[in-house]
Amino acid sequence: MGKDNIFSLEKPDYFEDSLTDLLRDSAQRMLGEAIQAECDEFLLGYRGQRSAAGLQAVVKSGFHPRRQVQTGIGSIAVRMPKVRSNTSEPVTFRSLLVPPYLRRAKRLEEFLPYLYLKGISSGDMADVLRVLVGDTEAR
């Protein structure tokens, strides 16, 4: 007997939702522009400084590899700019918006323990859903 009646059900990793995709893409673009503005402001602090060879002391030097940051609207890819010093003094750019090693938005990080404490462990999901989607009685 053949095994032609066996097939696998694959769990989809991604559901298509145009509104969420638009929000995620817009958030990613705005975050990239904000980080670029932070980096430009950082470089302005070194604008007048020169190396011994007469080069600009600190310059932008590409980007670090993309990393994913989990947010309330899903995962957002973040590209952090690299800066390089042309002097013997090392310089590192650190974003205030997306600090090093950040993998989850702070709001999401705070919500996960609350989700467990109020919803999953007690079985009372009403409080958790109120935090997620708002109070539906007030509408």
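The values are calculated or read from the model by the stated rules, or taken from the named source; none is laboratory data. Everything numeric in this text was worked out from a predicted model, so none of it was measured. Please note: Cβ atoms are built from the backbone with ideal geometry, for glycine as well, and neighbour counts cover all protein chains shown. These area figures cover heavy atoms from the full protein model, side chains too; ligands, DNA and RNA do not enter into them. Shrake-Rupley method; radii C 1.70, N 1.55, O 1.52, S 1.80 Å.
Can you give the net charge of the other residues whose Cβ lies under 15 Å from the Cβ of Val83, counting K and R as +1 and D and E as -1? Write down the numbers at each step before the final one.
Values: positive: Arg47, Lys60, Arg79, Lys82, Arg84, Arg94; negative: Glu38, Asp40, Glu41, Glu89.
With Lys, Arg at +1 and Asp, Glu at -1, the net is +2.
Note on Ala53 and Ser88: the extension gain reaches 11.4 nm, defined as 0.36 nm multiplied by sequence separation minus the Cα-Cα distance. Entry comment: accessible area of the range 15-54 is 74 Å² per residue, from protein heavy atoms only and a probe of 1.4 Å. In this structure, the amide hydrogen of Val58, modeled 1.01 Å from its nitrogen in the peptide plane, lies closer than 5 angstrom to those of Asn86, counting only residues at least 5 positions away or on a different chain.
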